[in-house]
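These notes concern the structure reproduced below.
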């Protein structure tokens with residue numbers, strides 16, 4: 001198993017950049033006390049980050065992904081996380097088969 | 001060092017139950033990453049090091065897209081910083097919930113923060129204090145899962161099939177939808193926040209391209225929340 005020196009350097013630098021993004025948030029958060037409008041924006045972060053990560057996959061990939069996404073959202077209002085994932089995966093497999101046919 | 005307090009065992013058990021779907025979804029993604037990385041010229045040992053030290057799936061897949069020899073190190077670092085910039089927002093949001101951890105606990109804890117375990121920690125903190133047993137139980141197991149499957153993928157290489165065939169790529173989408181609904185329930189302006197993020201991310205992804213959609217969508221939601229906020233509201 002080889003380990004190239006330039007590759008090792010690239011990996012270490014990528015790790016350093018990534019750790020910097022992970023640790024800088026808490027330092028920033030400790031500097032500010034948020035109220036009102038700022039706090040409303042701050043509290044919106046979790047849902048916004050997760051939404052941004054998956055929106056292109058659901059909205060711009062194709063009809064199978066869009067319909068499966070809608071079905072998964074409906075499931076998420078009624079089922080626990082496991083059930084939601086099962087419904088979502090089943091829906092995408094069926095819909096992809098349907099649209100590929 | 002004390003990272004863990006009693007009653008740790010039930011907290012740890014809750015953590016395993018909650019993280020299990022993400023572990024399953026991580027398996028095909030890890031295998032795929034390892035197999036693709038070897039196809040791009042990396043050795044299994046290099047895959048093991050990257051997954052354990054970088055531990056950021058999105059940035060690692062993006063790196064494979066840029067991977068050619070001699071390595072374009074500057075481009076790799078810019079791509080990594082851009083995709084992982086969302087961690088700054090995530091860490092800022094999670095910081096008050098980890099305030100009871102020791103300094104070392106926080107230095108390691110934020111280092112292990114990934115989309116899935118962060119989202120579960122936020123959901124947990126919404127109805128009870130976040131314990132070290134729960135957070136580390138979840139985060140360490142999720143980290144080990146990514147390292148293990150990507151290393152195995154590197155060793156097995158191209159004998160593996162396409163995980164999209166089994167809908168594996170959509171398992172993460174479904175997990176995130178479940179967590180978005182759980183985080184948004186009963187909160188003011190949730191629909192506006194999610195709609196603003198989704199529309200911005202989809203638009204930016206189509207017009208400009210990946211990975212810009214992550215940061216722009218992550219900022220659009222809080223911007224909408226600030227705009228929709230009325231004076232005097234708590």
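Observations, loosely collected:
- Between the range A:55-101 and the range A:2-34, the alpha-carbon centres lie 34 Å apart.
- As a ratio to 2.2 N^0.38 Å, the alpha-carbon radius of gyration for the protein assembly as shown is 0.97.
- Sequence of B:135, B:69 once ranked by neighbouring C-beta atoms within 10 Å, starting from the fewest: B:69, B:135
- Here the range B:74-216 is described by how far its Cα atoms reach on the three principal axes: 45, 36, 36 Å, from widest to narrowest.
- Rounded D (µm²/s) - the range B:28-98, Kirkwood Rh over Cα pairs, Stokes-Einstein at 25 °C, 0.890 mPa s: 186
- Inter-chain Cβ neighbour average for residues B:108-121, partner chain, 10 Å: 3
- Rounded, prolate or oblate (a/c below 1.5 giving rounded, otherwise prolate when a/b exceeds b/c) for chain A by Cα gyration tensor: oblate
- Least to most buried among B:122, A:35 (fewest other Cβ within 10 Å first): A:35, B:122
- Using the Cα coordinates of the range B:10-165, the gyration tensor eigenvalues translate into equivalent-ellipsoid semi-axes of 29, 18, 12 Å, sorted from longest to shortest.
- Mean residue ellipticity, 222 nm, helices only, chain B: the sum of -39500 (n - 2.57) across DSSP H runs of n ≥ 4, divided by residue count and rounded to 500, is -24500 deg cm²/dmol.
- Inter-chain Cβ neighbour average for residues A:70-77, partner chain, 10 Å: 5
- Highest-MSF residue in chain A out of A:74, A:53, A:13 [GNM, Cα springs under 10 Å]: A:13
- Whole-angstrom gap from the range B:1-66 to the range B:166-234, using each part's C-alpha centre: 24
- For the Cα trace of the range B:93-135, dividing Rg by the Kirkwood Rh returns an Rg/Rh value of 0.91.
- Selected from B:17, B:180, B:193 as most flexible by GNM, with chain B as the system and alpha-carbon contacts under 10 Å: B:17
Just so you know, all these numbers are worked out from the coordinates, no wet-lab data involved. Not measured: the values here are computed from a predicted model. Methodologically, a virtual Cβ is constructed for each residue, glycine included, from the backbone with ideal geometry; neighbour enumeration extends over all protein chains shown.
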